[in-house]
Amino acid sequence: MPATKKAPAAKKASTTADKLAKLGLRTDMDLVLHLPMRYEDETQIVPIREAGFMAGSPSQVEGIVTECDIQYRPRRQLVVTMADDSGPLVMRFLNFYGSQTKQLAIGTRVRARGEVRHGFFGTEMVHPTYKVVEEGAPLPQSLTPVYPSGEGLSQTYLRKAITNAMTRIDWRDTLSPALLAQLKLAAFEPSVKLLHNPPPDVDEHALMERTHPAWIRMKFDELLAQQLSLKRAQAARRAKGAAALPTVGALSQAFLEALPFKLTKAQQRVLDEIRGDLRETFPMQRLLQGDVGSGKTVVAALAAAQAIDSGYQAALMAPTEILAEQHFRKIAQWMEPLGVRVAWLTGSLKKKEKAEAQALIESGTAQLVIGTHALIQEGVEFSRLGLVIVDEQHRFGVGQRLALRNKGLEAEGTSAQTVPHQLMMSATPIPRTLAMTYYADLEVSVIDELPPGRTPIVTRVVDQNRRDEVIDRVHAAALEGRQVYWVCPLIEESEALQLQTATDTHAMLSEALPDLRVGLVHGRMKPAEKQIVMDAFTRGEVHLLVATTVIEVGVDVPNASLMVIEHAERFGLSQLHQLRGRVGRGSAASVCLLLYQSPLGPTAKQRLMTMRETTDGFEIARRDLEIRGPGEFLGARQSGEALLRFADLQTDQWLVEIAREVAQQLLTHDPATVEAHLARWLGGREEYLKV
Ligand code: ADP
Ligand code: MG
């Protein structure tokens, strides 16, 4: 019965394939490009007496087993003593097989590698890697690669799979000899081979630090693939049609005139950039960056006005209900007097209300629609959608961003050939290197100036045990007519606990400050309840607003000028910056008090220092990137493949710039190379790079 005999083998093969697939290793080329994460030096044997001089780095020794016992004190373990001419060494195995006592019988010659320490049994190695050898067995001539691996995939297996794959792939260089010469880059084949099997005379330091020419070639190739893929996505977008929205007409005019302030120069400049894009017949993909409080909303509203003036609908999406509702109120208040019909749509609307909103949107009666991501989720049909605006785009999940950028809202309410223009807004500035890589297919506009009359926020870092003084300060501020936010500690592990803390804090502050009106907002309240509290705070009827991070983004109450953040050490840097941005929006001098619980860990300390030193969102983003690294910064940990494997955006920025130029050249002059290079480096993974 050959069929049943075959089945288990097939199953086994597929599980190994699954394990490889988990590492993104599907093809021979994937395996060949699975490069070592580090190297181990097994080329030397040191005398036991000299092993362990370099604390923390492993040594390799060789000796003859003199004792081999299972011991029971201080716990059950296999204890093997071996010795060379210079002295004895104990190997301890806490997990072991019975067969190891035979394998390591007295008189056996063993080569062991591990960290040496001085423990209970004298000079010892705990769980060394070892093998039984013949006298004079040859040592490896070169460094041993260590590959990124997953559970159930041994180094030996990976090494063999990679070696086999290397015999099968097409080694042709994707880059021409002329280009390699011009860029002074090493060729592909020798670079890859060197990294998998470094020769004995290799510059070890350069290999480990990834500055070796072979590494540089890999990094360059990787960055080039990324740039090519992004530029192609951009071209694909440009090839799609969009409705031109050319009219800056009566509504735009009336709206500008009705505004109680003049646009800043920066707002005017970015508005001109957006206006230019909207006149085009291919879809805009523009990211509007501006620090917290720089006045992005009004620019967005003016973009929407242009769409409406041109006879189209616009949609504005915000990541939280509080923010969406705030936008709705503010913009409706601006635009409804000018005859614009604004619809409101979130997931929490009642069925009937939702149906009403949808009818307005479908018939085209509603010219502007404001809401949460319900706008894309609930199968909303637009009649003539011309522009989608996404506020605080970085707060949407990676998946939602991908959906938005790849699909836009093309399925809903627009003909298959045209997609709406897109404006994304963010207060989390993207440092230049990231902008050039992950966001290379976006146009970027920056509002680099705050509206006039703002006084800078003073930030103080205060020990939590001085809370009473802080409460006095809150009291004094409230008596002066200023409004205060009190942000409760973030408790990521438990929403219930978070809620409890917010309620407790509210009770504590109400009791401590009986003559003030203290409000509470948190994520579990119904939108309507939240709104009642937020309204009362906006009108100045609540002095002190106790809040969870629901107020983090976008909330705009200019009279609030004191912000207290408890357990500030638990928040991330951009979150602190966003929270702090809730104050400093009016003309009153604002203060932000960051309460912390000592002792502070080193990164928390760094974050708080940064907050104290600067209010510049770009500087904060730059330091955040430094502290966290680009992967976490992008919040893209889930899509690990999106991240660069070899290149490091901080140390290899110079390469990014070269890769960018070369990508441009190749796309115009050498499409065959583009194809070959993308096929080699990305295979089917291009999607992930576009988030
Ligand atoms: P953000 O960029 O953080 O979204 P907002 O759009 O909420 O900032 O604007 C912050 C505050 O500044 C709002 O109260 C807004 O009305 C006000 N504002 C915006 N532009 C100007 C301006 N040119 N002059 C004065 N105030 C402005
Ligand atoms: Mg905003």
Could you tell me whether the range 174-184 includes any residue that is touching a helix residue (DSSP H, G or I) at 6+ places or on another chain (Cβ under 6 Å) and open to solvent by 20 Å² or more (accessible area, probe 1.4 Å)? no
Only one of (1) farther than 22 Å from Pro451 by Cβ; (2) open to solvent by 10 Å² or more (accessible area, probe 1.4 Å); (3) within 16 Å of ligand 1 (Cβ to nearest atom) fails for Ala324. Which number is that? (2)
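Could you pull out every one of the helices (runs of 4 or more DSSP H) wholly within the range 148-206 that has 3 or more residues that are under 17 Å from Thr27 (Cβ atoms)?
Of the helices (runs of 4 or more DSSP H) lying wholly inside the range 148-206, those with at least 3 residues that are under 17 Å from Thr27 (Cβ atoms) span 155-168, 188-196.
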The conditions are (1) open to solvent by 10 Å² or more (accessible area, probe 1.4 Å); (2) within 16 Å of ligand 1 (Cβ to nearest atom); (3) within 26 Å of the chain's Cα centre (by Cα); (4) of a type outside the set (Asp, Glu), and His567 fails exactly one of them. Which is it? (2)
So for the range 188-201 (the condition being free of Cβ contacts under 8 Å to residues at least 12 places away in the same chain, open to solvent by 20 Å² or more (accessible area, probe 1.4 Å) and away from ligand 2 (no atom under 16 Å from the Cβ)), does at least one residue qualify? yes
Evaluate the range 359-366: report whether one residue or more is of a type in the set (A, V, I, L, M, F, W, C) and crowded, with 20+ Cβ neighbours inside 10 Å. yes
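Can you tell me which residue is surrounded by the fewest Cβ atoms within 10 Å (Cβ to Cβ) among those in the range 327-342 that are away from ligand 1 (no atom under 16 Å from the Cβ) and among the β-branched types (Val, Ile, Thr)?
Here the residue is Val340.
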Can you say whether Leu349 is buried (at least 23 other Cβ atoms within 10 Å of the Cβ) and modelled with pLDDT under 90, as far as the supplied structure shows? no
Being open to solvent by less than 50 Å² (accessible area, probe 1.4 Å) and hydrophobic (A, V, I, L, M, F, W, C) is the filter here; which residues of the range 101-111 pass it? Leu104, Ala105, Val110
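Let's see how each residue does on (1) within 16 Å of ligand 2 (Cβ to nearest atom); (2) over 35 Å from the mean Cα position of the chain (by Cα); (3) modelled with pLDDT under 95; (4) small (Gly, Ala, Ser):
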| site | (1), (2), (3), (4) |
| --- | --- |
| Ala258 | no, yes, yes, yes |
| Thr264 | yes, no, no, no |
| Arg275 | no, no, no, no |
| Phe282 | no, no, yes, no |
| Leu302 | yes, no, no, no |
| Ser310 | no, yes, no, yes |
| Met317 | yes, no, yes, no |
Restricting the range 544-570 to residues that are part of a loop (DSSP other than H, G, I, E, B) and of a type in the set (A, V, I, L, M, F, W, C), which is farthest from ligand 2 (Cβ to nearest atom)? Val557
Would it be correct to say that Asp652 is farther than 18 Å from Leu230 by Cα, at pLDDT 80 or above and away from ligand 1 (no atom under 16 Å from the Cβ)? yes
Inspect all residues belonging to the range 574-586 and state whether any of them is buried (at least 24 other Cβ atoms within 10 Å of the Cβ) and more than 16 Å from ligand 2 (Cβ to nearest atom). yes
If Gln155 passes every condition in (1) under 31 Å from the mean Cα position of the chain (by Cα); (2) in contact (Cβ under 8 Å) with a residue 24 or more places away in the chain but one, which one does it miss? (2)
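Just to verify a result, which residue in the range 42-68, among those that are in contact (Cβ under 8 Å) with a residue 12 or more places away in the chain and farther than 21 Å from Ala137 by Cβ, is surrounded by the most Cβ atoms within 10 Å (Cβ to Cβ)?
Taking the range 42-68 first, the residues in contact (Cβ under 8 Å) with a residue 12 or more places away in the chain are 42-52, 56-68.
Of the ones still in play, those that are also farther than 21 Å from Ala137 by Cβ are 49, 52, 56-57, 67.
On the way: Arg49: 15, Gly52: 22, Gly56: 7, Ser57: 10, Glu67: 13.
Ranking the qualifying residues of the range 42-68, first place goes to Gly52.
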Tell me, yes or no, whether the range 666-683 has at least one residue that is more than 30 Å from Arg168 (Cβ to Cβ) and at pLDDT below 90. no
Select, from Ala315, Ala304, Ala250, Ala266, the only residue that is of a type in the set (A, V, I, L, M, F, W, C) and without any contact (Cβ under 8 Å) to a residue 60 or more places away in the chain. Ala250
For the range 434-543, give me every one of the strands (runs of 3 or more DSSP E) that falls completely inside it and has 3 or more residues that are open to solvent by 20 Å² or more (accessible area, probe 1.4 Å) and either in contact (Cβ under 8 Å) with a residue 60 or more places away in the chain or under 30 Å from Lys219 (Cα atoms) (or both). 443-447, 458-463
Based on what the data block shows, is Thr211 within 30 Å of His196 (Cα to Cα), more than 16 Å from ligand 1 (Cβ to nearest atom) and of a type in the set (Ser, Thr, Tyr)? yes
Only one of Gly98, Gly122, Gly136, Gly114 is more than 27 Å from Met37 (Cα to Cα) and open to solvent by less than 40 Å² (accessible area, probe 1.4 Å). Can you tell me which? Gly122
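The values are calculated or read from the model by the stated rules, or taken from the named source; none is laboratory data. This structure is a prediction, so every number in the text was calculated from the model and none was measured. All Cβ positions, even for glycine, are placed from backbone atoms using ideal geometry, and neighbour counts span all protein chains on display. We work out accessible area using only protein heavy atoms, side chains counted, and drop any ligands, DNA or RNA first. Shrake-Rupley method; radii C 1.70, N 1.55, O 1.52, S 1.80 Å.
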